[in-house]
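The values are calculated or read from the model by the stated rules, or taken from the named source; none is laboratory data. Keep in mind that this is a model prediction, so the values were computed, not measured. Note that each Cβ is placed from the backbone with ideal geometry, even for glycine, and that neighbours are counted across all protein chains shown.
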Amino acid sequence: MKDRKVDFLAKLKFITTQEGGRKSPAKSGYRPQLKFGFSENQTSGEQTYIGRELVHPGETVYAEIRMLSPLFFSYALLKGMGFEFREGARVIGTGEIIAIINEELNKKLIIKNKLEKVFPIIFEITDEIPIDWEQVYDTFNNKFEYYKSIWERKNNLPFRIQASFYNIITEAVKGDASAIRLLDCIRFLFGALNKSLDKTEKKLLKNSVFGFLTNMDSKYLNFLGELLFVNYIRITKPGSKLVATEEPTDSGDKEGPKIDFRFINYSNEKHLRVEILNLHLNEEKEWNEEEIERLLAQKITEKLNSKRIVNRADIILVPILWGKWDHVQKIARYYEERGIEFGNTFTPFSYIPFADQSGNSEHIFGTIDSIFRRS
């Protein structure tokens, strides 16, 4: 066991009782059984004391812990977690994890571990982005608990998880065709971004990638929309490069509103400043002309005003529609028939996954008028 790496560091408290607790001191190298509250599994854990060789009942010591069977606790331990160490049924002392050394035990890295197995392509781009995977876990978990408490308080029912990116992976593994197509799109997108962007551009997308990874509901699509648009610019505007994100609308007002992206096309030295507006179409609505008009007038006008970009020739608002294809078609027809225009605002974009007669996926991201004509 000496040649095995340290699994975690712990603060240990040795205890004793009148009915036969450990009376003699423990020597560094002591190997009691470890018992965590969340599991009935136990394993032998060698204790190597830091700065001393012996510890007596009633004393506290810091120690390195090496477990005989760490696989029992794969991605299940957390800093601050308590445990008991025993000899048979008798509790010799208690411990608290103060640092996890073996990453394969760290519960906060379980998202990273699962993605490495089922969606490894995401790491081709995140390897050059300093993603804190423990922070990904904390952010995702905190949002989950927040939405869970609201849901259960309002509905008095168990919480229903919405279709997050991780839910899409689960459904794709089960064989759901729509989930498989969307996952293929995301896989293609990350591969394309990894190839087309340089290291500086990838780092600028850190917030978008982090948001994509940490939203436990359909809001992950907002960040997917941002990444899709960046890829769209690289495809349709050769020579363009992403040079800034979250840039103030007005350079002299750093405390004011910010816009999502700024690109520069080095072939003509022109800048393109972009604000993304993601619009989620409620599947339960009919989306008649009145509903469409209300949605567009409210959301687009609201965004233009809040970002202070009304009639700004130097900034473009890019609406992105998320919803069922027949609903997107209705909005496309509305634009075509009404000739709708908003100042410094693109015709809405959308992502549509198609499947040909052979079942092969085709992923289209573009303005709804171009997709509508193509379909």
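Within the stretch 63-75, the set of residues being touching a helix residue (DSSP H, G or I) at 6+ places or on another chain (Cβ under 7 Å) and either surrounded by fewer than 16 Cβ atoms within 10 Å (Cβ to Cβ) or not assigned by TED's automatic domain parsing to the domain that holds GLY51 (or both) comprises SER74 only. Selection of the stretch 85-100 for residues being of a type in the set (Asp, Glu) and either modelled with pLDDT of 95 or more or touching a helix residue (DSSP H, G or I) at 6+ places or on another chain (Cβ under 8 Å) (or both) yields only GLU96. For the stretch 170-197, residues that are without any contact (Cβ under 8 Å) to a residue 24 or more places away in the chain and either within 19 Å of VAL243 (Cα to Cα) or not assigned by TED's automatic domain parsing to the domain that holds PHE365 (or both) total 1. Looking at GLU116, GLU103, just one residue is over 30 Å from SER196 (Cβ atoms), in contact with a helix residue (DSSP H, G or I) (Cβ under 9 Å, 6 or more places away or on another chain), exposed (fewer than 15 other Cβ atoms within 10 Å of the Cβ) and not basic (Lys, Arg), and that residue is GLU103.
Number of residues in the stretch 210-226 that are among the polar types (S, T, N, Q) and crowded, with 20+ Cβ neighbours inside 10 Å equals 2. Would you check which residues across the stretch 309-338 are part of a loop (DSSP other than H, G, I, E, B) and either buried (at least 19 other Cβ atoms within 10 Å of the Cβ) or modelled with pLDDT of 95 or more (or both) and list them? Scanning the stretch 309-338 gives a single hit, ILE309.
Tell me yes or no: at least one residue of the stretch 83-101 is among the charged types (D, E, K, R), assigned to a helix (DSSP H, G or I) and under 23 Å from ALA10 (Cβ atoms). Break it down stepwise before answering.
Of all residues in the stretch 83-101, those among the charged types (D, E, K, R) come to 84, 86-87, 90, 96.
Restricting the remaining residues to those that are assigned to a helix (DSSP H, G or I) gives none.
For the stretch 83-101, residues among the charged types (D, E, K, R), assigned to a helix (DSSP H, G or I) and under 23 Å from ALA10 (Cβ atoms): absent.
Any residue that is over 25 Å from the mean Cα position of the chain (by Cα) and either under 25 Å from LEU197 (Cα atoms) or of a type in the set (Phe, Trp, Tyr) (or both) - is there at least one of those in the stretch 303-313? Scanning the stretch 303-313, I find no residue that is over 25 Å from the mean Cα position of the chain (by Cα) and either under 25 Å from LEU197 (Cα atoms) or of a type in the set (Phe, Trp, Tyr) (or both), so the answer is no.
Checked against (1) over 23 Å from MET216 (Cα atoms); (2) surrounded by 14 or more Cβ atoms within 10 Å (Cβ to Cβ), VAL136 passes all but a single condition, namely (1).
Yes/no per residue for (1) of a type in the set (Val, Ile, Thr); (2) closer than 17 Å to LEU205 by Cα; (3) touching a Ser or Thr at 6+ places or on another chain (Cβ under 9 Å):
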position: GLU246; (1), (2), (3): no, yes, no
position: THR249; (1), (2), (3): yes, no, no
position: GLY252; (1), (2), (3): no, no, no
position: GLU255; (1), (2), (3): no, no, no
position: ASP260; (1), (2), (3): no, yes, yes
position: ILE264; (1), (2), (3): yes, yes, yes
position: HIS280; (1), (2), (3): no, no, yes
position: ILE292; (1), (2), (3): yes, no, no
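A single member of LYS143, LYS114 is in contact (Cβ under 8 Å) with a residue 60 or more places away in the chain, outside any loop (DSSP other than H, G, I, E, B) and outside the structural domain of SER24 (by TED's automatic domain parsing), and it is LYS143.
Can you find a residue in the stretch 227-240 that is polar (S, T, N, Q), surrounded by 14 or more Cβ atoms within 10 Å (Cβ to Cβ), touching a helix residue (DSSP H, G or I) at 6+ places or on another chain (Cβ under 7 Å) and closer than 26 Å to TYR137 by Cα?
No, because not a single residue in the stretch 227-240 is polar (S, T, N, Q), surrounded by 14 or more Cβ atoms within 10 Å (Cβ to Cβ), touching a helix residue (DSSP H, G or I) at 6+ places or on another chain (Cβ under 7 Å) and closer than 26 Å to TYR137 by Cα.
Per the conditions (1) within 26 Å of the chain's Cα centre (by Cα); (2) modelled with pLDDT of 90 or more, the sole criterion not satisfied by ILE352 is (2). The one condition from (1) among the aromatic types (Phe, Trp, Tyr); (2) surrounded by 14 or more Cβ atoms within 10 Å (Cβ to Cβ); (3) not in a strand (DSSP E or B) that PHE38 does not meet is (2).
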